[in-house]
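In what follows, a single structure is set out as C-alpha cells and then discussed.
Bear in mind that the values in this text are calculations on the coordinates, not laboratory data. All values reported here derive from a predicted model rather than from experimental measurement. Cβ coordinates were reconstructed from backbone atoms using ideal geometry, including for glycine residues, and neighbour counts include every protein chain displayed.
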Amino acid sequence: MTDGAPSLPEDVEAVREALVEWYERDHRDFPWRRTDDPYEILVSEVMSQQTQLDRVVDAWEAFLDRWPTADALAAADRADVVRFWTDHRLGYNNRAKYLHEAARQIRDDYDGDFPRTPAGLSELMGVGPYTANAVASFAFDAGDAVVDTNVKRVLHRAFGVEDSDDAFERAAGELMPEGESRVWNNAIMELGGVACGKKPRCDEEGCPWRRWCHAYETGDFTAPDVPTQPSFDGSRRQFRGRIVRTLGEHDELALDELGPRIRVDYAPDGEYGREWLRELLSDLADDGLVDVNVRDGETVARLR
Ligand code: SF4
C-alpha cells in the first residue's frame, strides 16, 4: 500500500454480495428507507445532520404531514418552518431556512422536478456534497459511494485502507457495485452504524466481512476516529478471526493442522488444544461461518 492504494480482497464480488445479503436480511427500518421520493429523502437527510436517527423519525413524519411536497413547503411561511424546527429541537434554524429556500428553487427554477445527479442537487440551497450524494443515491440510485466517518472506520478496519481522504474515496468507489448506490450506500452505512461502531460488534451482529477483515484477524480495532484500542475482550474474537482467515486459505483442515496455525503454543491436549479449538469452531459454526465434520474419527473444519 505504498501509494495509498486500497488492498481490497481479490474476490470483490463476494465481498459485495455478502454485505448486500446481510443488509437485506435484517436492517433498521427507518421510514425514509422505504421511499424514493427525493423531497422526503432530502428532509430526512437535513434533519439527520444534527439529530439522532431515532429521534428524527417523529419529526420527519410530522414535517411531511404538514408539508407533504416540495410545493407545499415552498408555499409555507418561513417563520412556521423555523418554528417547527425549534419545537422539534432539530438544531440550527438555518437548516430550516435553507430547506424552505430549496423547496422554492425546485418550484421556481426546476418546474417542480428535482435534479437527479449529485452535481445537480448541490445547486440547491444548503445542500452540500454529502447530502447531494445521499439524495442522488436513495432517490435516484444515481449517487457515488458515500464516504463518511462510519464508512471510513469500516474500510480502515476491514481492508487496512490508509487514513487519507483520497485512499478512502478510491476504495469506497471501487467497492460499490456500479449503478447500485441505493442499496450499497445504505448497506455499508448500516454496517458502520450497527456492527462496526467505535466498539465493534463483529460476532454479535454477524458481520458479513469477518472472513476478509484485517482487524478481525489481528485484533487491532483502532480506526481514524478510534485512536486507541476500544475496551472490550478482543482475544477470543482475535482467534476466531485467525481461524476464519486460515480456513479461507485452505480447503479443509483437521484440528491439529489448524491449531498450530492459530497459535504457536497450541498443544493437542493442553489448555490451548483440541477442546479449546473445538469450542471456537462450534461458535463459528453456530454463526454460519464454518462447517465442522467428523471424518474417519477426525474432526475437520472448512469455511462454509
Ligand atoms: S469484522 Fe468487525 S471490525 Fe471487521 S468490518 Fe466487521 S464489524 Fe468491522
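Quick notes on this one:
- Folded to 0 to 90 degrees: helix 129-140 orientation relative to the chain principal axis, Cα: 90
- Cα pair distances of the stretch 37-140 binned at 5 Å [whole percent]: 2, 14, 26, 28, 20, 9, 1
- Using θ = phi - 60° in the Karplus curve 6.51 cos²θ - 1.76 cosθ + 1.60, the 3J(HN,Hα) couplings for the stretch 207-220 round to 3, x, 9, 4, 5, 10, 6, 5, 5, 5, 6, 8, x, 9 Hz; x is entered for Gly and Pro.
- For the chain, the fraction of C-alpha pairs farther apart than 32 angstrom is 39 percent.
- Under-5 Å amide H pairs with Val290, H placed in peptide plane, nonlocal only: Ala285, Arg304
- Between 0 and 90°, nearest 10: helix 181-190 axis offset from the chain longest Cα axis: 60
- Helix axis angle, 165-175 relative to the chain longest principal axis, alpha carbon, degrees: 80
- Under-5 Å amide H pairs with Thr299, H placed in peptide plane, nonlocal only: Leu255
- Where labels lie 7 Å past Cα in the beta-carbon direction, separation of Gln52 and Asp291 in nm: 4.4
- Applying 1/(1 + (r/R0)^6) with R0 = 25 Å to the Cβ-Cβ distance of Val82 and Asp109 gives a FRET efficiency near 0.65.
- Compactness of the stretch 77-235 as Cα Rg over 2.2 N^0.38 Å, two decimals: 1.25
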